[in-house]
Amino acid sequence: MAMELRYMGEFLSREGVAWRVEIRQEAPAPFEEVGALTFEANQALTIEWTEKKKEEVVCGSVATIQIESPGDRTYEDLYTIEVGQIRMDAYREGRLYWSGMLDPEFYEEPYERAANYEVSLTFSDFGILQRKKYALAGMRTIQEVLEMCMREAGFIHTGIDQTLISTGLYGSTPLQLSDIKIRSDNFYDEDGEASTLEDVLTGIFQPLGLRLVQRCGKIYVYDLNGLYSKAKTAEAIWSGDSSTMGVDVVYNNAKITWSTYAQSGNLAPTECWPHKVDPNLVNINSTDYKTYEGSKYISYHYSTDLSDWIDATDAGFTLWLNKQGNNAELAADLNCEFFKTVPQYDGSEAEGIMLWHPLVRAYKVGDSKNWHAEVFRRWAGINPAYMQGNAATIDRHIFKSAHVWIPPADNPNDLLIRISLEMLLDPRWNFNEQATNYMKWLEQEDWQKQWKKRGNFLYVPVTIKFKPDGSDKTYCWDNRQICKQSVKAPVRNLYGTYGSWANYDTARDDKPDVWGWLCYYDVSDRKENSGVANGWAKNRPAINPHTEQVASILANSDAGQYIPYPTQGGGELWVEVRLDGWMISDGGDDLSETKIIDSYGLFNGDEWRSPKVNWILCKLPEIEIVNNVQFEKEISTDDVEYSAQLNEKAKDALEIDTVCGTKAGGVPTARGAYFNASNGKQITELSRAGRRAQAEQLLIGTLYSQYAERRTKLSGEIELRPDALVTYTEQNQEGKKFILTGETQDCITDTTQATIIELRPDEYDRQ
């Protein structure tokens, strides 16, 4: 709905200045009648800027009109309307001077009179920003964020003025707000609760030394050095009976602490099961599911003694399944599902994607004295026989992980990405219990031994994709030549496992021409042990299936596949686990382009075509950013602190905590970093007043210039000047410029109660 004119009135100041006040309200159509505003003779309109310290960002103001109510509670309904629906615009000599929204918390009128009594209506320009929440996503320029905040504030203005910014992104050229981008996720907490818009603006602007104010109908964004060096000056002319001179505060030292809000560890979500489960529900000794709250479930025996199964009531754990879940996309036509395991007597909770699982039931055959147990079994999911393949091709995806945003880096070669896929590939009915040979065709202990002897390496085909921001290209990680390399040329070092990025043809997504493998093996024994078949396991840096000794950095590296950091700037990365092309290799046997290596039929099964694997479960992939160095691969997420002494004789310290910031070398996973909008790289330095340093160091320079020495402070009544943002001079303070830190304008008397404080340019030189 549009803001339609509801009330309007005019008055003249004592100096003959014409003022017009309009009150507008959201409405589906113009009001049939515009009500007249009758102003009090002695105090029609006052506009107050609350006094702010020089380092504060949002310099808001309120305007109060004193009007006569023509009838009983004429204006009461204005305060029963939701905040943001009533606006006041004040015009001075026909030009917009101030605009703001009605603040419903300030309402007062006499109750003893029915008409012709005074009513005060109070409006605020930036006050509404304390009540509204941030709602943007992705990378945004500071310009976009500010414009959004101003739209949400609701008042009108004639533009955003950036001419008084002296901070530069490139040398001495002043930056534009469109030059810098921020990450929106910096302004949501771990529970997804958004920051207020005022906190967002403060968080973005304060490290840059920027301030925000409405003057003469315009929004000004400026820094103190720019105000001193670029703004016009106006003389403060005292009009009251008295004025006061004092001094501003002096600080001993300044400390700025940037809470980077860096993402540590896994960048990807870990939870995918959103459904209700009941740990007291079990479905034991059955090959049919039961259902509960839209999910199905089946339970598994705690005992390894088959005779205990027949009348068993104790479940080790229960498997819950549902086609619907979060943070992953499943292939619609494959029998994979989201799962959650719920322990009863053993195991632990886990969730992810089910690719293959058993259903088993034991029963008696014969009479009470001469009986034996038989087992009825079946499986659900994707038969491993259809997953195995050779090194030549892979098939469509089984599932895709959620996309995570990878920030751009100044030096991408200094970083790596680590991809971990924790998988359960196991031959046991209950993978929490010891393997047992139950009976013929159920020799699970033997199956496990066969996996250890002939399933030394498992290769899982994946397409790890990266799409840069603003690009229509997709890149895919490729390590095929590493894995297919002859075992006569063993890959021994960690750096030899990284692989590379290649262009990906999205038109061939069902039969990709570029892919990679995640590799599972026991780094200490790749001849007589397996990387799977013994519970949950994570992939390791992919090597060719050799059994030779490897370098200590490879042997001792954390689990996961290390891949090169993208050089194409920031963008989205995700993991797709593919169908076909799963390979099992004996240690010491090359991968083949033409044949399947599966000496014991581990995937393809025995003579009954039953695979020697009962479980294939995958947790959601983990995606981490790490350092590309031999040691200390983990990236620090500690707060970044800057400090300097201002005046050793002063008592008080100035401490500022920020949520955006800079650091030499950058913090790759910091949500609170600034980014160059032109190239996407993290900003580590800015310039101001001929000095180039981190934004925090420049801010300390500004604080030193203002607070290291006593600065003159003047207050009293001065003539109201309808100037834009200016600095002031005073006839008895030769050579000094002053900043207006607070004032209350009386638009009837053309005067203002003002406080002005001596302003200095940035003149800090750290020795």
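Details
- From K633, K663, K713, residue being over 36 Å from the mean Cα position of the chain (by Cα) and touching a residue at least 40 places away in the same chain (Cβ under 8 Å): K713
- Given (1) farther than 25 Å from K511 by Cα; (2) in contact with a Phe, Trp or Tyr (Cβ under 7 Å, 6 or more places away or on another chain); (3) part of a strand (DSSP E or B), index of the condition V626 fails: (2)
- Figure legend. Inter-residue proximity from the stretch 210-237: first residues crowded, with 21+ Cβ neighbours inside 10 Å, second residues part of a helix (DSSP H, G or I) and at pLDDT 95 or above, beta-carbon distance below 6 Å, spacing 6+ or different chains. Indicated pairs: L224/T702.
- For A435: the one exception among (1) touching a helix residue (DSSP H, G or I) at 6+ places or on another chain (Cβ under 7 Å); (2) at pLDDT 95 or above; (3) of a type in the set (A, V, I, L, M, F, W, C): (2)
- Index of the failed condition, A332 passing every other in (1) surrounded by fewer than 17 Cβ atoms within 10 Å (Cβ to Cβ); (2) touching a residue at least 12 places away in the same chain (Cβ under 8 Å): (2)
- Identity of the residue in the stretch 287-306, charged (D, E, K, R) and in a loop (DSSP other than H, G, I, E, B), that ends up farthest from Y438 (Cα to Cα): E293
- Close pairs (7 angstrom Cβ cut-off, 6 or more residues apart or separate chains): of a type in the set (F, W, Y) in the stretch 168-192, part of a strand (DSSP E or B) anywhere: F187/A194; Y188/A194
- Counting only residues that are under 30 Å from D185 (Cβ atoms), touching a strand residue (DSSP E or B) at 6+ places or on another chain (Cβ under 8 Å) and outside any strand (DSSP E or B), the stretch 373-412 holds 7 of them.
- Qualifying positions in the stretch 511-550 - assigned to a loop (DSSP other than H, G, I, E, B) and either among the basic types (K, R) or under 32 Å from the mean Cα position of the chain (by Cα) (or both): K511, P512, V514, W515, R526, K527, N539, P541, A542
Here is a yes/no grid of residues against (1) under 39 Å from the mean Cα position of the chain (by Cα); (2) among the β-branched types (V, I, T); (3) more than 27 Å from G570 (Cα to Cα):
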{"position": "G325", "(1), (2), (3)": "yes, no, yes"}
{"position": "E329", "(1), (2), (3)": "yes, no, no"}
{"position": "P343", "(1), (2), (3)": "yes, no, yes"}
{"position": "R361", "(1), (2), (3)": "no, no, yes"}
{"position": "F376", "(1), (2), (3)": "no, no, yes"}
{"position": "W379", "(1), (2), (3)": "no, no, yes"}
{"position": "I382", "(1), (2), (3)": "yes, yes, yes"}
{"position": "I394", "(1), (2), (3)": "yes, yes, yes"}
{"position": "A409", "(1), (2), (3)": "yes, no, no"}
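- All positions within the stretch 232-281 that are in contact with a Gly (Cβ under 7 Å, 6 or more places away or on another chain) and β-branched (V, I, T): T244, T260
- Here A435 meets each of (1) of a type in the set (A, V, I, L, M, F, W, C); (2) farther than 27 Å from I623 by Cα; (3) surrounded by fewer than 18 Cβ atoms within 10 Å (Cβ to Cβ) with one exception, condition (3).
- Test: residue in the stretch 307-323 that is crowded, with 17+ Cβ neighbours inside 10 Å, of a type in the set (G, A, S), part of a strand (DSSP E or B) and within 33 Å of the chain's Cα centre (by Cα): no
- Answer residue from the stretch 389-403, given it is out of contact with any Gly (no Cβ under 6 Å at 6 or more places or on another chain) and crowded, with 20+ Cβ neighbours inside 10 Å and is modelled with the lowest pLDDT among those: A391
- Condition met for W447 (part of a helix (DSSP H, G or I) and closer than 25 Å to Q388 by Cα): yes
- Restricted to strands (runs of 3 or more DSSP E) entirely inside the stretch 1-63, those with at least 1 residues that are of a type in the set (G, A, S) and within 26 Å of G127 (Cα to Cα) are 2-12, 18-27.
- Check on S471, surrounded by fewer than 15 Cβ atoms within 10 Å (Cβ to Cβ), of a type outside the set (D, E, K, R) and under 26 Å from I406 (Cα atoms): yes
- Enumeration of residues in the stretch 605-648 that are in the same structural domain as G381 (by TED's automatic domain parsing), at pLDDT below 90 and of a type in the set (K, R): R609, K612
- Flag for E758 being among the acidic types (D, E) and surrounded by fewer than 21 Cβ atoms within 10 Å (Cβ to Cβ): yes
- Candidates D367, D446, D346, D426: the one that is surrounded by fewer than 17 Cβ atoms within 10 Å (Cβ to Cβ), closer than 30 Å to P279 by Cα and out of contact with any helix residue (DSSP H, G or I) (no Cβ under 6 Å at 6 or more places or on another chain) is D346.
- Close pairs from the stretch 14-31: first closer than 30 Å to S239 by Cα, partner part of a loop (DSSP other than H, G, I, E, B) and among the charged types (D, E, K, R), Cβ under 9 Å, at least 6 apart: R14/D750; E15/D750; V17/E93; V17/D750; A18/E93; W19/E93
- When L686, L725, L714, L740 are screened for being among the aliphatic types (A, V, I, L, M), within 30 Å of Y565 (Cβ to Cβ) and either in contact with a strand residue (DSSP E or B) (Cβ under 8 Å, 6 or more places away or on another chain) or modelled with pLDDT of 95 or more (or both), only L686 passes.
- From the options I182, I219, I204, I165, residue that is touching a Lys or Arg at 6+ places or on another chain (Cβ under 8 Å), under 28 Å from G127 (Cβ atoms) and not charged (D, E, K, R): I182
- Elements of type strands (runs of 3 or more DSSP E) in the stretch 649-767, at least 3 residues being of a type in the set (S, T, Y): 727-729, 751-759
- Screening the stretch 217-286 for strands (runs of 3 or more DSSP E) wholly inside it with 2 or more residues that are hydrophobic (A, V, I, L, M, F, W, C) returns the ranges 218-223, 238-247, 253-258.
- Within the stretch 586-594, one or more residues are surrounded by 22 or more Cβ atoms within 10 Å (Cβ to Cβ), under 29 Å from S500 (Cβ atoms) and hydrophobic (A, V, I, L, M, F, W, C).
- Residues of the stretch 709-724 that are within 23 Å of R92 (Cβ to Cβ) and crowded, with 21+ Cβ neighbours inside 10 Å: I718, L720.
The values are calculated or read from the model by the stated rules, or taken from the named source; none is laboratory data. Just so you know, these numbers come straight off a predicted model, no measurement behind them. All Cβ positions, even for glycine, are placed from backbone atoms using ideal geometry, and neighbour counts span all protein chains on display.
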